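So the structure is just underneath, and the comments pick up after that.
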Amino acid sequence: MSAVAQPPPPPQWVLDLNSPPVTKPKNPSIPDPPGYTPALTRKERAISSKQSTRKQPTSEETNTLKIKKAWELAIAPAKQLPMNAFGMYMTGNSLQIFSIFMVFTLFKTPVMAVLNLQKTFAPFENPETSGRLIPVKITYILCNMLMLALGIWKVNAMGLLPTTRSDWLAWEAERDWSERAIPREWL
Amino acid sequence: MRLHAALSLAACLAPVLAVFEDDAHHIDFHHALLGLPKHEATFFSKPYAASKASLLYTVSQNGTIGAVNPKDGALVWRSPLGPSSAAHLRFGEEQDVIIGGVGNRIVAFSASDGRIVWETNLKVDGSAVQDLEILEQEDGITNPEAKDAIILVDGAEQGVKRVDGKTGRVKWTLEETSGDIPFQISTSPTTIYYISLHSPLLGGGSKLRVSSLSPITGKKIDSYQLSSEAEIHTKDNILFAGANTATPLLAWTDKAHKVLKVNIIGTKGISTFNTPISEPVEKIVLHAPNRLNSLAHFLVEYQTATGHSAEVFHVDLKRNTISKAYSLPQLKGKGTFATSTANANVYFTRITTDEVTVVSSVSHGIIGRWTLKGSSALAGAYPVHAVSEVVVKDNSASAARSAVLFSNGQWALVRNSDIAWSRPEFLSTTTSAVWAELPEEETLAHELEVEGHQNVVAAYVHRVNRHIKDLEHFPAWLQNLPTRILGNLVGTTGDSTIDDIQHDTFGFHKLVVLATEGGHLAALDVGAKGKIVWSIDLHQFAPEASFSSPSLKAFRGFVEIKDPSLTSPLLINSTSGSQIVDRDLTSSSPVTLKDQKLITFDLVDGELKGFLGPEPSAEVAWTFTAPPGEKIASYTARPAKDPVASIGKVLGDRRVLYKYLNPNLVLVTALAESAHKVSIYLLDSASGQLLHTVAHYGVDTSRPIPSTFSENWFSYSFTIDASSSGAARGYQLVVSELYESPLPDDRGPLGASSNSSTVQPSEVRGEATKPHVLSQSYQIPEEISHMTVTQTRQGITSRELIVTLPASNSIVGIPRQVIDPRRPIGREPTTQEQSEGLGKYVPMILFDPKWHLNHVYEVIGIRGVITSESGVESTSLVFAYGSDLFGTRVAPSFAFDVLGKGFNKIQMTLTVAALFVGVLFVAPLVSYLFENITEEDILADKQLQVQRKQINTLWTT
């Protein structure tokens, strides 16, 4: 148990790695090998840090950005739609394990997405943006409904929707005849 | 195009099924019957001179000539020559041809395989072969090649003919013009004797006239009369007119069987013997050897009401005298005698119900005696006639075998003391057959019915009570379990009993009750290769009746027998074959009525009449009379048990064509003989309304027009008459389907109303309520004599039309898809039609060899085919009866609910056991490994991961 507290002494190569050799003054005539970025000198580091400090955006700007991001998210399912439709078309109308799986995901994704609506838009939610997020959310739901519609279309094409007379045939009964006639010889 | 045709053909044939090779001979059985053998034409003989084993040849009472292997009773060959009372069969010594004469046909068969060598028909209609003899020797010289046959013709043409043994050509004919009744012919090495009955004009007895003919020319050489007028009144008084012995005999007796007169043919002397028994003799039978070289000894058998005895006579050839040698003691009970020869010696075999004894013709000492072992098939039966073969060594019989016809119609071979085999030949005249419903099944059905009518709680209580009551069978069931499991794994070959039939899970064991012309009743287990479970003679219940065509009807636990000679129907228990005296009439309705009005209909004086109620005196509700010139030939109703799984037909586009399902439909066939026309009328038998009619012209009305009705479709078949229509003679099969409306998704004028009446119509009546009929007709290669439809439990399985083809002796199951009237005509089927399984209409249906249910069997003389549901939905039981009996089971949509034979139960059990053992082994191993993982291991693992992460961060920064 005591061994846990003390890690073993680091190997030589780790030490080497931690204390890289001092950069030699660069001979300008020799270019750096491709892909090699020389470690920055202290001065250079200072310059670069000075450059990265920019002015903080205002909350108004952040909110606009958030709404923009939210719109992007809301439209995303619609973008997948043509791809999905093509996939559905390609799998055909036969009942196979792949097409059934695809149809299942087609149904599951929008439903789950709608259920997780608040969670999805939580990063963009704050008292100022919440009002502006409503149309975004509606769009998101609509896009998912489009996906669901694609699923229903597919299921119907596969003949799984009970829309025809033959689907309800088993519940239709034979007529009862109020008379029964039999040949005499059967008696 | 060709590809399309091939594809549609493949689509059409794909669902077609055949009898599988491993199922053949297992699921089906065939009793190839000959009929009751005739005594004088039954004999053992070698099929060819060099043969070691002999066959048993016979001609039966229904005119079938056949050969049976005496070892196992298997049929070697047979040839039905048509029913005729005059049937003869003779075999020349050392020949390979057997000559039979039935009716007006004289046929020579190859003795070993039954192939026809030649056939000659008597030219004059109405004449029949009265007797047939082989000319063994001609002027004392044996013709080794082909021995000629001498035939005696009676009827429209009378005379004697000599038929060439090689070709069947008639060599000469002696015409009988004297008006004598031809009786028999007998040949001797030098002459042919022709015996006829000369009746005086003024009545009284007949004289026997014996004419000797020249074998070469057929000219009459000599003729003399024997004064027999005191005794002979009919042909039956003549006992024997000696077939081919060196000394042909002629024996006759008087009406009272008091005196026996014997004449040696060729001489005029008559020896007279008095019957030795004091009590009245019922029958005298003379047994003599029919070999040329055997001793001239014969045996006379006297049968009385209580017993039988016999006397042996010797003929002295030099002095032409007949003397009694010895007599055999009288025995109680029935028995019979048979003659056999070995070289010149003659032996007589006496067969009684419990014993077989052999005596030599020379002395009365018994040289062989065997006590008969009983057999269940022959219980209570006595021997009627027999033929036998005896092996004699050192003056004692070492073996004897006899083919014995028993009084219960079993033809059995008695080998020493054993019954080697028995053939149920009495079944060859089966006139009616029904599926018996067993009482036990019925009670369960009844209980279920009770539960169905109660409310939920009461039904549940009833059910629990029933299960508790069932527990009493539990110990027995538990006891049987090991044997059942073992039997399941290894495959059982058990004997079938009534018990088996009642505890049959698949319902393949079903009883069929058969009635024969002779008044026999038998029950066969169809699932156990047609084993006879019980058989009875109906005369024991109705001694005065002479049965001609008994018809059967099955009720719960019993069958009802009706016959013209019976005053009241007989009721027989279907499980035991015992008579039921009192009958519960309430449980015997063939259909269950649910608040329905019962209407009965019947064919009365050529008119179909409907009556309001089951009583014979009920009021006439409607009458259907065929148009003038037509006569109603038959009618076919929908079967009482015809379950329909779906009330509509689903089309390829998932729309529905609604079936016209009316339980009261009846198909009436009417014939107009002069117009060569057949009319088919579809009636609603509740109202008598005509729903559909169709007429076919140029029909041969003398041929059978079978029809059948099932669900919403019917079919019939007829023969096209070549002479009247100018078209080629052919056979047609017509199939029609009835729908409520021609439009899909439409329930017709009655709409969605759940009840309907044709007698009390609603406002939507008239033409509109008629069904929409789709028909298609097909040319078929053979005539159909009978057709029926398979039946299954729920009606889910597709149906098969089962047709009997008498020309090819086969039974064919035509799949319903092939004869679907919705097959597109003149165009390829669309994709949707293809998905329905419809192929392009072809006008000709060839019976695919795969459809033949009988495969290698030849089923001859089928009168009817009955079908029944089995315990599983996929399978229907089929039973064909007539001269032959054939049973099988068919699965039109394949046996989808039964494990196939290829399923290896042992392998499955072993696999499961191996997996179980594997789990037992592996489970502790895994848990051991998990237990040994300590915290240290887990921490060490974590540490390693931390180090790796550190390195990674170093590497990337």
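The values are calculated or read from the model by the stated rules, or taken from the named source; none is laboratory data. The structure presented is a predicted model; accordingly, all values stated were derived computationally and were not measured. Here Cβ is always computed from backbone atoms with ideal geometry, including for glycine, and neighbour counts include all displayed protein chains.
Scanning for something more than 10 Å from chain A (Cβ to nearest Cβ) and modelled with pLDDT under 90, does the stretch B:645-663 turn up at least one residue?
Taking every residue of the stretch B:645-663 in turn, at least one turns out to be more than 10 Å from chain A (Cβ to nearest Cβ) and modelled with pLDDT under 90.
Among the numbered criteria (1) at pLDDT below 85; (2) over 43 Å from the mean Cα position of the chain (by Cα), which one does B:Ala325 miss?
It is condition (1) that B:Ala325 fails.
Can you confirm whether the stretch A:121-132 contains a residue that is under 17 Å from A:Met88 (Cβ atoms) and either of a type in the set (Asp, Glu) or surrounded by 13 or more Cβ atoms within 10 Å (Cβ to Cβ) (or both)? Break it down stepwise before answering.
Filtering the stretch A:121-132 for residues under 17 Å from A:Met88 (Cβ atoms) gives none.
No: zero hits.
Does B:Gln225 count as farther than 20 Å from B:Arg90 by Cα and in a strand (DSSP E or B)?
Working: farther than 20 Å from B:Arg90 by Cα: yes; in a strand (DSSP E or B): yes.
It is true that B:Gln225 is farther than 20 Å from B:Arg90 by Cα and in a strand (DSSP E or B).
Hey, can you tell me all the residues within the stretch B:298-349 that are among the hydrophobic types (A, V, I, L, M, F, W, C) and assigned to a loop (DSSP other than H, G, I, E, B)?
Within the stretch B:298-349, the subset among the hydrophobic types (A, V, I, L, M, F, W, C) is B:298-300, B:305, B:310, B:312-313, B:315, B:317, B:322, B:325, B:328, B:331, B:337-338, B:342, B:344, B:346, B:348.
Within the stretch B:298-349, B:Ala305, B:Leu317, B:Ala344 meet the criteria.
Quick check on B:Val759: is it at pLDDT below 70, surrounded by fewer than 13 Cβ atoms within 10 Å (Cβ to Cβ), farther than 28 Å from B:Ile825 by Cβ and within 14 Å of chain A (Cβ to nearest Cβ)? Walk me through it before giving the result.
Working: at pLDDT below 70: yes; surrounded by fewer than 13 Cβ atoms within 10 Å (Cβ to Cβ): no; farther than 28 Å from B:Ile825 by Cβ: yes; within 14 Å of chain A (Cβ to nearest Cβ): yes.
Criteria not met by B:Val759.
Among the listed residues B:Lys261, B:Lys255, identify the single one that is buried (at least 20 other Cβ atoms within 10 Å of the Cβ), of a type in the set (Lys, Arg) and either in contact (Cβ under 8 Å) with a residue 12 or more places away in the chain or touching a Pro at 6+ places or on another chain (Cβ under 7 Å) (or both).
Numbers: B:Lys255 fails: buried (at least 20 other Cβ atoms within 10 Å of the Cβ).
Just a single option satisfies the conditions, and that option is B:Lys261.
Only one of these conditions is not met by B:His676: (1) farther than 27 Å from B:Gln732 by Cβ; (2) more than 9 Å from every other protein chain (Cβ to nearest Cβ). Which number is it?
(1)
Can you tell me which condition B:Phe611 does not meet? The list is (1) among the aromatic types (Phe, Trp, Tyr); (2) farther than 28 Å from B:Leu733 by Cβ; (3) touching a His at 6+ places or on another chain (Cβ under 9 Å), and all the others hold.
Failed condition: (3).
Being within 23 Å of the chain's Cα centre (by Cα), free of Cβ contacts under 8 Å to residues at least 24 places away in the same chain and not in a strand (DSSP E or B) is the filter here; which residues of the stretch B:564-579 pass it?
Result: B:Pro564, single match.
What number of residues in the stretch A:133-187 are over 28 Å from A:Gln96 (Cβ atoms) and more than 14 Å from chain B (Cβ to nearest Cβ)?
Within the stretch A:133-187, the subset over 28 Å from A:Gln96 (Cβ atoms) is A:133-142, A:171-187.
If we keep only those that are more than 14 Å from chain B (Cβ to nearest Cβ) as well, we get A:133-142.
So the answer is 10.
Of (1) surrounded by fewer than 21 Cβ atoms within 10 Å (Cβ to Cβ); (2) under 29 Å from B:Gly839 (Cα atoms); (3) of a type in the set (Lys, Arg), B:Arg638 satisfies all except one. Which?
The single condition B:Arg638 does not satisfy is (1).
Using beta carbons and a limit of 8 Å, which pairs, at least six apart or on different chains, have the first residue in the stretch B:937-951 and within 12 Å of chain A (Cβ to nearest Cβ) and the second one part of a helix (DSSP H, G or I)?
Here the result reads B:Leu939/A:Val4; B:Gln943/A:Val4; B:Ile951/A:Val14, each pair linking the stretch B:937-951 to a residue that is part of a helix (DSSP H, G or I).
State which residue pairs qualify: first residue closer than 15 Å to A:Leu150 by Cβ and inside the stretch A:90-101, second residue of a type in the set (Val, Ile, Thr) in any location, beta carbons under 8 Å apart, and separation of 6 or more residues or different chains.
A:Ser99/A:Thr91
Within the stretch A:145-159, is there a residue that is closer than 30 Å to B:Gly795 by Cβ and either of a type outside the set (S, T, N, Q) or touching a Lys or Arg at 6+ places or on another chain (Cβ under 8 Å) (or both)? Break it down into steps so the answer makes sense when it comes.
To start, the set of residues in the stretch A:145-159 that are closer than 30 Å to B:Gly795 by Cβ comprises A:158-159.
Among the residues that remain, those that are also either of a type outside the set (S, T, N, Q) or touching a Lys or Arg at 6+ places or on another chain (Cβ under 8 Å) (or both) are: A:158-159.
Yes, the stretch A:145-159 has at least one match.
Just to be sure I understand, how many residues within the stretch A:139-173 are surrounded by 14 or more Cβ atoms within 10 Å (Cβ to Cβ) and more than 24 Å from A:Thr109 (Cβ to Cβ)?
6
Step by step: first the residues of the stretch B:595-613, then only those that are within 8 Å of chain A (Cβ to nearest Cβ) and touching a residue at least 24 places away in the same chain (Cβ under 8 Å), then the one that is surrounded by the fewest Cβ atoms within 10 Å (Cβ to Cβ). Which residue is that?
Per the stated criteria, the residue is B:Lys597.
All but one of (1) farther than 26 Å from B:Ala310 by Cα; (2) outside any loop (DSSP other than H, G, I, E, B) hold for B:Phe240; which doesn't?
Failing condition for B:Phe240: (1).
Out of (1) touching a Phe, Trp or Tyr at 6+ places or on another chain (Cβ under 6 Å); (2) under 13 Å from A:Pro183 (Cβ atoms); (3) assigned to a loop (DSSP other than H, G, I, E, B), the odd one out for B:Ala618 is which?
That leaves (2) as the condition not met.
For the stretch B:623-635, what are the residues that are out of contact with any Pro (no Cβ under 9 Å at 6 or more places or on another chain) and surrounded by 16 or more Cβ atoms within 10 Å (Cβ to Cβ)?
Those that are out of contact with any Pro (no Cβ under 9 Å at 6 or more places or on another chain) and surrounded by 16 or more Cβ atoms within 10 Å (Cβ to Cβ): B:Phe624, B:Ala626, B:Glu630, B:Ile632, B:Ala633.
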